[in-house]
Amino acid sequence: MRIAITTLGCKVNQFESAALSDMFESMGHRLVRFNETADIYIVNTCTVTGKTDFQSRQLVRRANRANPNAAIIVTGCYAQASPEHFLKMDGVRLVTGNAEKERLPELIGRLDIKTGKEILVGDIQKAGSISRLAPSSFHGRTRAFIRIQDGCDACCSYCVVPSVRGKSRSLPLEEVGAQLGKFAAAGHLEAVLSGVHLGMYGKDLTPALAFPDLLRFLEGRSPVRRIRLSSIEPQEISPEAIDLLAGSRAICPHLHIPLQSGDDGILAAMNRAYDSGLYFELARRLFGAIPDLALGTDIIAGFPGETEGNFRNTVELVETVPFSYLHVFPYSDRPGTAASAMQGKVPADVINRRAAVLREIGVRKRRSFAEKFTGKRLCVLIEGRRDRETGFFRGFSENYIPVLVRDASPGHVNHIMTVLAESSSCGKIISRLEPVPEAGASKRN
(Lines give C-alpha, C1' and ligand atoms only; values in the text may rest on other atoms or scores of the structure.)
Protein backbone atom coordinates (compact mmCIF):
# COMPACT_ATOMS: atom_id res chain seq x y z
CA MET A 1 0.00 0.00 0.00
CA ARG A 2 0.96 3.64 -0.41
CA ILE A 3 1.42 5.14 3.05
CA ALA A 4 1.97 8.82 3.90
CA ILE A 5 3.11 10.00 7.34
CA THR A 6 3.17 13.53 8.68
CA THR A 7 4.45 14.63 12.08
CA LEU A 8 3.79 17.54 14.41
CA GLY A 9 5.69 18.45 17.53
CA CYS A 10 8.90 17.38 19.19
CA LYS A 11 11.94 15.38 18.11
CA VAL A 12 10.56 12.35 19.98
CA ASN A 13 7.56 12.34 17.65
CA GLN A 14 9.87 12.75 14.64
CA PHE A 15 11.98 9.83 15.84
CA GLU A 16 8.90 7.62 16.18
CA SER A 17 7.60 8.55 12.73
CA ALA A 18 10.98 7.69 11.19
CA ALA A 19 10.87 4.31 12.93
CA LEU A 20 7.37 3.62 11.60
CA SER A 21 8.51 4.53 8.09
CA ASP A 22 11.33 2.00 8.37
CA MET A 23 8.93 -0.71 9.50
CA PHE A 24 6.42 -0.06 6.73
CA GLU A 25 9.12 -0.12 4.06
CA SER A 26 10.52 -3.40 5.42
CA MET A 27 7.01 -4.88 5.03
CA GLY A 28 6.93 -3.92 1.35
CA HIS A 29 4.71 -0.83 1.60
CA ARG A 30 5.56 2.30 -0.38
CA LEU A 31 6.14 5.57 1.49
CA VAL A 32 4.84 8.65 -0.32
CA ARG A 33 4.72 12.34 0.56
CA PHE A 34 1.75 13.56 2.55
CA ASN A 35 0.60 15.76 -0.33
CA GLU A 36 0.48 12.77 -2.68
CA THR A 37 -2.32 10.25 -3.15
CA ALA A 38 -2.04 7.47 -0.56
CA ASP A 39 -4.07 4.48 0.58
CA ILE A 40 -3.31 5.26 4.23
CA TYR A 41 -2.47 8.60 5.85
CA ILE A 42 -0.95 8.66 9.33
CA VAL A 43 -1.04 11.87 11.35
CA ASN A 44 1.34 11.81 14.33
CA THR A 45 -0.12 14.60 16.47
CA CYS A 46 1.02 17.04 19.14
CA THR A 47 -1.11 18.68 21.84
CA VAL A 48 1.34 21.02 23.59
CA THR A 49 -0.68 24.09 22.51
CA GLY A 50 -4.12 24.88 21.09
CA LYS A 51 -2.38 25.74 17.82
CA THR A 52 -0.94 22.24 17.43
CA ASP A 53 -4.38 20.76 18.16
CA PHE A 54 -5.80 22.88 15.35
CA GLN A 55 -2.97 21.92 12.98
CA SER A 56 -3.54 18.23 13.73
CA ARG A 57 -7.23 18.49 12.78
CA GLN A 58 -6.33 20.45 9.65
CA LEU A 59 -3.95 17.70 8.54
CA VAL A 60 -6.69 15.09 8.94
CA ARG A 61 -9.02 17.19 6.77
CA ARG A 62 -6.26 17.70 4.20
CA ALA A 63 -5.69 13.96 3.94
CA ASN A 64 -9.40 13.33 3.46
CA ARG A 65 -9.53 15.91 0.66
CA ALA A 66 -6.49 14.38 -1.03
CA ASN A 67 -8.14 10.94 -1.15
CA PRO A 68 -11.66 10.52 0.30
CA ASN A 69 -11.29 6.75 -0.14
CA ALA A 70 -8.13 6.52 1.97
CA ALA A 71 -7.96 5.35 5.58
CA ILE A 72 -6.69 7.98 8.01
CA ILE A 73 -4.91 6.89 11.19
CA VAL A 74 -4.36 9.39 13.99
CA THR A 75 -1.78 8.78 16.70
CA GLY A 76 0.45 10.75 19.06
CA CYS A 77 -0.21 13.08 21.98
CA TYR A 78 -3.45 14.75 20.84
CA ALA A 79 -4.85 11.32 20.00
CA GLN A 80 -3.82 10.12 23.46
CA ALA A 81 -5.55 13.08 25.13
CA SER A 82 -8.75 13.34 23.08
CA PRO A 83 -9.28 10.33 20.79
CA GLU A 84 -13.00 11.05 20.43
CA HIS A 85 -12.21 14.35 18.67
CA PHE A 86 -10.86 12.40 15.71
CA LEU A 87 -13.10 9.37 15.41
CA LYS A 88 -16.02 11.52 14.22
CA MET A 89 -13.92 13.14 11.47
CA ASP A 90 -14.38 11.98 7.87
CA GLY A 91 -11.96 9.30 6.76
CA VAL A 92 -10.56 8.46 10.20
CA ARG A 93 -10.54 4.70 10.68
CA LEU A 94 -8.19 4.25 13.65
CA VAL A 95 -7.04 6.38 16.60
CA THR A 96 -4.17 5.05 18.73
CA GLY A 97 -2.35 6.36 21.80
CA ASN A 98 1.39 6.72 22.26
CA ALA A 99 1.87 3.27 23.79
CA GLU A 100 0.02 1.68 20.85
CA LYS A 101 1.96 3.62 18.20
CA GLU A 102 4.57 0.90 17.68
CA ARG A 103 1.79 -1.59 16.84
CA LEU A 104 0.63 0.37 13.80
CA PRO A 105 2.32 -1.88 11.19
CA GLU A 106 0.50 -4.87 12.72
CA LEU A 107 -2.80 -3.01 13.14
CA ILE A 108 -2.85 -1.83 9.54
CA GLY A 109 -2.91 -5.45 8.43
CA ARG A 110 -6.35 -5.95 9.97
CA LEU A 111 -7.69 -2.43 9.36
CA ASP A 112 -11.09 -2.10 7.73
CA ILE A 113 -10.19 0.69 5.30
CA LYS A 114 -13.74 1.25 4.07
CA THR A 115 -16.01 1.30 7.12
CA GLY A 116 -14.07 0.45 10.28
CA LYS A 117 -13.74 2.95 13.11
CA GLU A 118 -11.71 2.05 16.19
CA ILE A 119 -10.02 3.66 19.19
CA LEU A 120 -7.01 1.94 20.73
CA VAL A 121 -5.81 4.25 23.50
CA GLY A 122 -4.58 2.65 26.70
CA ASP A 123 -3.55 4.10 30.06
CA ILE A 124 -0.15 5.65 29.32
CA GLN A 125 0.60 5.86 33.06
CA LYS A 126 0.91 2.06 33.10
CA ALA A 127 3.77 2.08 30.58
CA GLY A 128 6.61 0.56 32.60
CA SER A 129 9.45 0.75 30.09
CA ILE A 130 10.44 2.82 27.09
CA SER A 131 9.33 1.65 23.65
CA ARG A 132 12.05 0.00 21.53
CA LEU A 133 10.56 1.47 18.36
CA ALA A 134 13.57 2.88 16.50
CA PRO A 135 14.70 3.64 12.92
CA SER A 136 17.95 2.37 11.44
CA SER A 137 18.58 5.76 9.82
CA PHE A 138 17.01 9.08 8.88
CA HIS A 139 16.82 8.86 5.10
CA GLY A 140 17.81 12.06 3.32
CA ARG A 141 19.03 13.79 6.48
CA THR A 142 22.56 14.38 7.71
CA ARG A 143 21.39 14.63 11.33
CA ALA A 144 19.72 11.74 13.18
CA PHE A 145 17.52 11.84 16.29
CA ILE A 146 17.67 9.24 19.03
CA ARG A 147 15.02 8.98 21.73
CA ILE A 148 16.80 7.97 24.93
CA GLN A 149 14.04 8.98 27.35
CA ASP A 150 10.25 9.30 27.32
CA GLY A 151 7.66 10.58 29.77
CA CYS A 152 7.83 13.26 32.45
CA ASP A 153 7.53 13.23 36.25
CA ALA A 154 7.29 17.02 36.62
CA CYS A 155 3.98 18.78 37.20
CA CYS A 156 4.30 22.18 35.52
CA SER A 157 0.92 23.83 35.93
CA TYR A 158 0.48 24.68 32.24
CA CYS A 159 1.57 21.37 30.72
CA VAL A 160 -0.35 18.28 29.55
CA VAL A 161 2.75 16.29 28.57
CA PRO A 162 2.88 14.01 31.68
CA SER A 163 -0.73 12.95 31.05
CA VAL A 164 -0.07 11.99 27.40
CA ARG A 165 3.49 10.62 27.67
CA GLY A 166 3.39 8.90 31.05
CA LYS A 167 6.14 8.54 33.65
CA SER A 168 9.82 8.99 32.91
CA ARG A 169 11.37 5.95 31.22
CA SER A 170 14.94 5.57 29.96
CA LEU A 171 16.77 3.56 27.32
CA PRO A 172 19.68 1.59 28.87
CA LEU A 173 23.14 2.91 28.01
CA GLU A 174 24.08 -0.20 26.03
CA GLU A 175 21.05 0.31 23.80
CA VAL A 176 21.85 4.01 23.40
CA GLY A 177 25.29 2.97 22.15
CA ALA A 178 23.83 0.33 19.82
CA GLN A 179 21.39 2.82 18.29
CA LEU A 180 24.15 5.37 17.76
CA GLY A 181 26.19 2.61 16.14
CA LYS A 182 23.40 2.02 13.61
CA PHE A 183 23.27 5.71 12.80
CA ALA A 184 27.05 5.84 12.36
CA ALA A 185 26.91 2.80 10.06
CA ALA A 186 24.21 4.53 8.02
CA GLY A 187 26.55 7.49 7.51
CA HIS A 188 25.17 9.96 10.05
CA LEU A 189 27.88 12.18 11.54
CA GLU A 190 25.60 13.92 14.06
CA ALA A 191 22.89 12.65 16.39
CA VAL A 192 20.53 14.64 18.59
CA LEU A 193 19.77 13.04 21.96
CA SER A 194 16.06 13.55 22.53
CA GLY A 195 13.63 13.00 25.36
CA VAL A 196 10.53 14.47 26.92
CA HIS A 197 12.45 15.17 30.16
CA LEU A 198 16.06 14.52 29.20
CA GLY A 199 17.59 15.50 32.54
CA MET A 200 15.69 12.67 34.25
CA TYR A 201 17.56 10.13 32.12
CA GLY A 202 18.56 7.02 34.04
CA LYS A 203 16.64 7.62 37.27
CA ASP A 204 14.38 4.62 36.53
CA LEU A 205 17.14 2.23 35.47
CA THR A 206 18.71 -0.45 37.68
CA PRO A 207 21.19 0.60 38.87
CA ALA A 208 20.00 4.18 38.66
CA LEU A 209 22.06 6.62 36.59
CA ALA A 210 22.38 10.40 36.58
CA PHE A 211 22.79 12.85 33.72
CA PRO A 212 26.61 13.07 34.17
CA ASP A 213 26.80 9.27 33.75
CA LEU A 214 25.21 9.69 30.33
CA LEU A 215 27.67 12.44 29.38
CA ARG A 216 30.66 10.31 30.38
CA PHE A 217 29.34 7.38 28.35
CA LEU A 218 28.87 9.53 25.26
CA GLU A 219 32.32 11.02 25.56
CA GLY A 220 34.01 7.64 25.70
CA ARG A 221 31.85 5.41 23.51
CA SER A 222 29.82 7.36 20.96
CA PRO A 223 30.50 6.13 17.41
CA VAL A 224 28.88 9.30 16.01
CA ARG A 225 31.22 12.27 15.51
CA ARG A 226 28.93 14.96 16.93
CA ILE A 227 26.33 14.64 19.68
CA ARG A 228 23.79 17.40 20.26
CA LEU A 229 21.54 17.56 23.31
CA SER A 230 17.89 18.55 23.12
CA SER A 231 16.07 20.53 25.82
CA ILE A 232 17.17 20.08 29.45
CA GLU A 233 15.83 21.72 32.60
CA PRO A 234 18.06 24.26 34.45
CA GLN A 235 17.95 22.54 37.86
CA GLU A 236 19.26 19.33 36.28
CA ILE A 237 22.60 20.76 35.12
CA SER A 238 25.02 20.15 37.98
CA PRO A 239 28.55 21.57 38.36
CA GLU A 240 29.81 18.08 37.43
CA ALA A 241 27.75 18.16 34.23
CA ILE A 242 29.14 21.61 33.35
CA ASP A 243 32.70 20.35 33.75
CA LEU A 244 31.98 17.35 31.53
CA LEU A 245 30.35 19.51 28.86
CA ALA A 246 33.21 22.01 28.94
CA GLY A 247 35.81 19.30 28.40
CA SER A 248 33.89 17.29 25.82
CA ARG A 249 35.16 16.66 22.31
CA ALA A 250 31.98 14.87 21.23
CA ILE A 251 29.10 16.94 22.64
CA CYS A 252 28.32 20.16 20.78
CA PRO A 253 28.58 23.47 22.69
CA HIS A 254 24.85 24.04 22.34
CA LEU A 255 22.25 23.80 25.10
CA HIS A 256 18.53 24.52 25.09
CA ILE A 257 17.46 25.33 28.65
CA PRO A 258 13.83 26.45 29.12
CA LEU A 259 13.32 29.61 31.16
CA GLN A 260 9.53 30.09 30.66
CA SER A 261 9.50 33.28 32.78
CA GLY A 262 12.01 35.63 34.36
CA ASP A 263 9.68 36.48 37.25
CA ASP A 264 9.89 34.41 40.44
CA GLY A 265 6.19 34.74 41.24
CA ILE A 266 5.19 33.48 37.80
CA LEU A 267 7.76 30.66 37.99
CA ALA A 268 6.20 29.57 41.29
CA ALA A 269 2.70 29.66 39.76
CA MET A 270 4.03 27.58 36.87
CA ASN A 271 5.36 25.07 39.44
CA ARG A 272 8.84 25.31 37.96
CA ALA A 273 11.60 23.88 40.15
CA TYR A 274 13.92 26.93 40.08
CA ASP A 275 13.88 30.71 40.34
CA SER A 276 15.38 33.46 38.20
CA GLY A 277 18.48 33.64 40.41
CA LEU A 278 19.31 29.98 39.85
CA TYR A 279 18.88 30.40 36.10
CA PHE A 280 21.08 33.48 35.95
CA GLU A 281 23.81 31.82 38.02
CA LEU A 282 23.66 28.70 35.83
CA ALA A 283 24.09 30.82 32.70
CA ARG A 284 27.05 32.63 34.29
CA ARG A 285 28.74 29.32 35.11
CA LEU A 286 28.08 27.88 31.66
CA PHE A 287 29.52 30.82 29.77
CA GLY A 288 32.48 30.92 32.14
CA ALA A 289 33.23 27.30 31.27
CA ILE A 290 32.16 27.31 27.57
CA PRO A 291 32.67 30.82 26.13
CA ASP A 292 31.35 29.98 22.62
CA LEU A 293 28.25 28.21 23.95
CA ALA A 294 24.98 28.59 22.07
CA LEU A 295 22.21 28.91 24.64
CA GLY A 296 18.59 28.75 23.52
CA THR A 297 15.47 28.93 25.66
CA ASP A 298 11.67 28.70 25.75
CA ILE A 299 9.53 31.52 27.13
CA ILE A 300 5.77 31.65 27.70
CA ALA A 301 4.17 35.06 27.24
CA GLY A 302 0.96 35.93 29.10
CA PHE A 303 0.74 33.19 31.73
CA PRO A 304 -2.34 33.68 33.97
CA GLY A 305 -1.73 36.47 36.47
CA GLU A 306 1.26 37.91 34.59
CA THR A 307 1.29 41.67 35.18
CA GLU A 308 3.28 44.28 33.28
CA GLY A 309 5.76 44.22 36.15
CA ASN A 310 6.13 40.43 35.91
CA PHE A 311 6.66 40.75 32.17
CA ARG A 312 9.30 43.48 32.62
CA ASN A 313 11.22 41.11 34.92
CA THR A 314 11.22 38.52 32.13
CA VAL A 315 12.41 41.07 29.56
CA GLU A 316 15.20 42.24 31.87
CA LEU A 317 16.48 38.71 32.48
CA VAL A 318 16.27 37.81 28.79
CA GLU A 319 18.21 40.95 27.88
CA THR A 320 20.87 40.17 30.51
CA VAL A 321 21.52 36.51 29.69
CA PRO A 322 23.46 36.11 26.39
CA PHE A 323 20.94 33.83 24.69
CA SER A 324 21.62 32.96 21.06
CA TYR A 325 17.94 32.39 20.24
CA LEU A 326 14.50 32.36 21.87
CA HIS A 327 11.46 30.15 21.29
CA VAL A 328 8.50 32.29 22.32
CA PHE A 329 5.08 30.75 23.02
CA PRO A 330 1.91 32.74 23.71
CA TYR A 331 0.23 31.09 26.72
CA SER A 332 -2.14 28.37 25.52
CA ASP A 333 -4.85 27.19 27.89
CA ARG A 334 -4.77 23.39 28.22
CA PRO A 335 -7.95 21.89 29.70
CA GLY A 336 -7.31 19.78 32.78
CA THR A 337 -4.13 21.61 33.82
CA ALA A 338 -3.81 23.61 37.03
CA ALA A 339 -3.16 26.80 35.04
CA SER A 340 -6.45 26.39 33.19
CA ALA A 341 -8.35 26.95 36.45
CA MET A 342 -6.28 29.97 37.52
CA GLN A 343 -7.71 33.47 37.81
CA GLY A 344 -6.27 36.53 36.06
CA LYS A 345 -6.24 35.28 32.48
CA VAL A 346 -4.35 37.74 30.28
CA PRO A 347 -6.28 39.14 27.27
CA ALA A 348 -5.22 37.72 23.90
CA ASP A 349 -4.11 41.07 22.50
CA VAL A 350 -1.82 41.61 25.51
CA ILE A 351 -0.40 38.10 25.17
CA ASN A 352 0.34 38.69 21.49
CA ARG A 353 1.97 42.08 22.19
CA ARG A 354 4.24 40.59 24.84
CA ALA A 355 5.14 37.66 22.58
CA ALA A 356 6.04 40.13 19.80
CA VAL A 357 8.35 42.05 22.15
CA LEU A 358 10.15 38.83 23.11
CA ARG A 359 10.42 37.67 19.50
CA GLU A 360 12.03 40.99 18.53
CA ILE A 361 14.60 40.48 21.28
CA GLY A 362 15.16 36.94 19.98
CA VAL A 363 15.82 38.19 16.44
CA ARG A 364 18.34 40.74 17.76
CA LYS A 365 20.13 38.15 19.91
CA ARG A 366 20.31 35.63 17.05
CA ARG A 367 21.95 38.25 14.83
CA SER A 368 24.34 39.37 17.56
CA PHE A 369 25.43 35.80 18.29
CA ALA A 370 26.24 35.09 14.63
CA GLU A 371 28.14 38.37 14.27
CA LYS A 372 30.52 37.30 17.08
CA PHE A 373 31.96 34.59 14.83
CA THR A 374 32.77 36.70 11.77
CA GLY A 375 36.41 36.09 10.88
CA LYS A 376 36.58 32.84 12.86
CA ARG A 377 36.87 29.24 11.74
CA LEU A 378 33.87 26.98 12.28
CA CYS A 379 33.25 23.26 11.85
CA VAL A 380 30.11 22.81 9.77
CA LEU A 381 28.15 19.69 8.87
CA ILE A 382 27.11 20.36 5.25
CA GLU A 383 23.49 19.46 4.51
CA GLY A 384 21.94 18.43 1.21
CA ARG A 385 19.65 21.43 0.95
CA ARG A 386 20.62 24.80 -0.44
CA ASP A 387 19.72 28.25 0.80
CA ARG A 388 16.75 29.55 -1.21
CA GLU A 389 18.06 33.09 -1.65
CA THR A 390 21.72 32.46 -2.47
CA GLY A 391 21.76 28.86 -3.72
CA PHE A 392 24.71 28.13 -1.38
CA PHE A 393 24.86 24.83 0.45
CA ARG A 394 24.00 25.23 4.10
CA GLY A 395 24.74 23.52 7.38
CA PHE A 396 25.09 24.16 11.09
CA SER A 397 28.14 24.92 13.16
CA GLU A 398 28.64 22.97 16.38
CA ASN A 399 27.14 25.88 18.30
CA TYR A 400 24.07 25.82 16.10
CA ILE A 401 24.63 28.80 13.83
CA PRO A 402 23.14 28.39 10.33
CA VAL A 403 26.10 28.64 7.96
CA LEU A 404 25.99 29.17 4.19
CA VAL A 405 29.11 27.91 2.37
CA ARG A 406 29.60 29.77 -0.90
CA ASP A 407 32.04 27.29 -2.48
CA ALA A 408 30.65 23.97 -1.18
CA SER A 409 29.66 21.37 -3.78
CA PRO A 410 27.50 18.21 -3.73
CA GLY A 411 30.63 16.26 -2.85
CA HIS A 412 30.83 18.06 0.48
CA VAL A 413 27.35 17.01 1.62
CA ASN A 414 27.39 14.99 4.86
CA HIS A 415 30.97 16.00 5.61
CA ILE A 416 32.12 18.11 8.55
CA MET A 417 34.13 20.90 6.92
CA THR A 418 36.23 23.70 8.31
CA VAL A 419 35.00 27.05 7.00
CA LEU A 420 36.02 30.67 7.47
CA ALA A 421 33.13 32.94 8.49
CA GLU A 422 33.35 35.97 6.19
CA SER A 423 30.19 37.86 7.16
CA SER A 424 26.82 37.46 8.84
CA SER A 425 23.29 38.38 7.80
CA CYS A 426 20.02 37.92 9.72
CA GLY A 427 21.57 35.41 12.11
CA LYS A 428 23.28 33.38 9.37
CA ILE A 429 26.99 33.15 8.61
CA ILE A 430 28.29 33.46 5.04
CA SER A 431 31.49 31.47 4.71
CA ARG A 432 34.00 29.81 2.41
CA LEU A 433 35.80 26.51 2.73
CA GLU A 434 39.23 26.37 4.29
CA PRO A 435 41.80 24.46 2.21
CA VAL A 436 41.82 21.63 4.77
CA PRO A 437 39.65 18.73 3.43
CA GLU A 438 37.88 17.94 6.69
CA ALA A 439 37.75 19.19 10.27
CA GLY A 440 39.57 17.38 13.01
CA ALA A 441 37.95 15.94 16.06
CA SER A 442 38.20 19.07 18.18
CA LYS A 443 35.25 21.42 18.27
CA ARG A 444 36.81 24.33 20.10
CA ASN A 445 37.95 27.07 17.68
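Out of everything in segment 387-428 that is of a type in the set (Lys, Arg) and out of contact with any helix residue (DSSP H, G or I) (no Cβ under 9 Å at 6 or more places or on another chain), what residue ends up being nearest to Gly140 (Cα to Cα)? Reasoning before the result, please.
We begin by selecting, within segment 387-428, every residue of a type in the set (Lys, Arg); these are 388, 394, 406, 428.
Narrowing the set further to residues that are out of contact with any helix residue (DSSP H, G or I) (no Cβ under 9 Å at 6 or more places or on another chain) leaves 388, 394, 406.
Details: Arg388: 18, Arg394: 15, Arg406: 22 Å.
Top of the filtered list is Arg394.
Open to solvent by 20 Å² or more (accessible area, probe 1.4 Å), touching a strand residue (DSSP E or B) at 6+ places or on another chain (Cβ under 6 Å) and among the charged types (D, E, K, R): is that true of Arg143 in this structure? Let's see the steps before the verdict.
Values: open to solvent by 20 Å² or more (accessible area, probe 1.4 Å): yes; touching a strand residue (DSSP E or B) at 6+ places or on another chain (Cβ under 6 Å): yes; among the charged types (D, E, K, R): yes.
Spelling it out, Arg143 is indeed open to solvent by 20 Å² or more (accessible area, probe 1.4 Å), touching a strand residue (DSSP E or B) at 6+ places or on another chain (Cβ under 6 Å) and among the charged types (D, E, K, R).
When you look at Ala273, is it among the aliphatic types (A, V, I, L, M) and part of a loop (DSSP other than H, G, I, E, B), yes or no?
Yes.
For segment 104-127, indicate whether the set of residues that are farther than 30 Å from Gln260 by Cβ and surrounded by 20 or more Cβ atoms within 10 Å (Cβ to Cβ) is non-empty.
First, pick out the residues of segment 104-127 that are farther than 30 Å from Gln260 by Cβ: 104-120, 122.
Of the ones still in play, those that are also surrounded by 20 or more Cβ atoms within 10 Å (Cβ to Cβ) are 104, 108.
Yes: segment 104-127 contains one or more residues that are farther than 30 Å from Gln260 by Cβ and surrounded by 20 or more Cβ atoms within 10 Å (Cβ to Cβ).
Which ones in segment 269-304 are in contact with an Asp or Glu (Cβ under 9 Å, 6 or more places away or on another chain), over 12 Å from Leu259 (Cβ atoms) and not hydrophobic (A, V, I, L, M, F, W, C)?
Selection gives Gly277, Asp292, Pro304.
Could you identify the single residue in Val48, Val43, Val74 that is outside any helix (DSSP H, G or I) and out of contact with any strand residue (DSSP E or B) (no Cβ under 8 Å at 6 or more places or on another chain)?
On the way: Val43 fails: out of contact with any strand residue (DSSP E or B) (no Cβ under 8 Å at 6 or more places or on another chain); Val74 fails: out of contact with any strand residue (DSSP E or B) (no Cβ under 8 Å at 6 or more places or on another chain).
That would be Val48, the only listed residue that is outside any helix (DSSP H, G or I) and out of contact with any strand residue (DSSP E or B) (no Cβ under 8 Å at 6 or more places or on another chain).
Conditions (1) on the phi < 0 side of the Ramachandran plot; (2) among the hydroxyl-bearing types (Ser, Thr, Tyr); (3) assigned to a helix (DSSP H, G or I); (4) modelled with pLDDT under 95, marked per residue:
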residue	(1), (2), (3), (4)
Asn35	yes, no, no, yes
Asp53	yes, no, yes, no
Val95	yes, no, no, no
Leu133	yes, no, no, yes
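Residue-by-condition table, conditions (1) charged (D, E, K, R); (2) at pLDDT below 95; (3) open to solvent by 70 Å² or more (accessible area, probe 1.4 Å):
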residue: Ala4; (1), (2), (3): no, no, no
residue: Thr7; (1), (2), (3): no, no, no
residue: Lys11; (1), (2), (3): yes, yes, yes
residue: Cys46; (1), (2), (3): no, no, no
residue: Arg62; (1), (2), (3): yes, no, yes
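Has segment 164-178 got any residue that is buried (at least 20 other Cβ atoms within 10 Å of the Cβ), closer than 30 Å to Lys345 by Cα and either at pLDDT below 95 or among the aliphatic types (A, V, I, L, M) (or both)? Break it down into steps so the answer makes sense when it comes.
Initial filter on segment 164-178 (buried (at least 20 other Cβ atoms within 10 Å of the Cβ)): 164-166, 168-171, 176.
In the following step, the residues that additionally are closer than 30 Å to Lys345 by Cα were identified as 164-166.
From the residues that got through so far, the ones that are either at pLDDT below 95 or among the aliphatic types (A, V, I, L, M) (or both) too are 164.
The answer is yes; a qualifying residue exists.
In segment 399-445, what residues are modelled with pLDDT of 95 or more, under 30 Å from Gly362 (Cα atoms), outside any loop (DSSP other than H, G, I, E, B) and among the small types (Gly, Ala, Ser)?
Matches in segment 399-445: Ala421, Ser423, Ser424, Ser431.
Quick test for you: out of Leu215, Leu209, Leu267, Leu259, pick the one residue that is touching a Ser or Thr at 6+ places or on another chain (Cβ under 9 Å) and free of Cβ contacts under 8 Å to residues at least 12 places away in the same chain.
That would be Leu267, the only listed residue that is touching a Ser or Thr at 6+ places or on another chain (Cβ under 9 Å) and free of Cβ contacts under 8 Å to residues at least 12 places away in the same chain.
Which count do you get for residues in segment 135-169 that are closer than 30 Å to Ser397 by Cβ and part of a loop (DSSP other than H, G, I, E, B)?
Matching residues across segment 135-169 total 9.
I'd like the full set of residues that are farther than 18 Å from Arg226 by Cβ and either aliphatic (A, V, I, L, M) or under 22 Å from the mean Cα position of the chain (by Cα) (or both), limited to segment 368-381.
Phe369, Ala370
Just to be sure before I move on: is Ile257 surrounded by 15 or more Cβ atoms within 10 Å (Cβ to Cβ), closer than 19 Å to Arg216 by Cβ, of a type in the set (Val, Ile, Thr) and in contact with a Leu (Cβ under 8 Å, 6 or more places away or on another chain) in the structure I sent?
On the way: surrounded by 15 or more Cβ atoms within 10 Å (Cβ to Cβ): yes; closer than 19 Å to Arg216 by Cβ: no; of a type in the set (Val, Ile, Thr): yes; in contact with a Leu (Cβ under 8 Å, 6 or more places away or on another chain): yes.
Against the criterion (surrounded by 15 or more Cβ atoms within 10 Å (Cβ to Cβ), closer than 19 Å to Arg216 by Cβ, of a type in the set (Val, Ile, Thr) and in contact with a Leu (Cβ under 8 Å, 6 or more places away or on another chain)), Ile257 does not qualify.
Can you pull out the residues in segment 57-73 that are in contact (Cβ under 8 Å) with a residue 40 or more places away in the chain and in contact with a helix residue (DSSP H, G or I) (Cβ under 7 Å, 6 or more places away or on another chain)?
Hit for segment 57-73 is Ala70, nothing else.
Does Glu360 satisfy being over 23 Å from the mean Cα position of the chain (by Cα) and either of a type in the set (D, E, K, R) or crowded, with 18+ Cβ neighbours inside 10 Å (or both)?
Working: over 23 Å from the mean Cα position of the chain (by Cα): no; either of a type in the set (D, E, K, R) or crowded, with 18+ Cβ neighbours inside 10 Å (or both): yes.
So Glu360 does not fit the description; no.
The values are calculated or read from the model by the stated rules, or taken from the named source; none is laboratory data. Since the structure is predicted, the reported quantities are computational estimates derived from the model, not experimental observations. Note that we place each Cβ from the backbone using ideal geometry, even for glycine, and neighbour counts take in every protein chain shown. The protein model used for the area step is the full one, side chains on, heavy atoms only, and it has no ligands, DNA or RNA in it. Shrake-Rupley method; radii C 1.70, N 1.55, O 1.52, S 1.80 Å.
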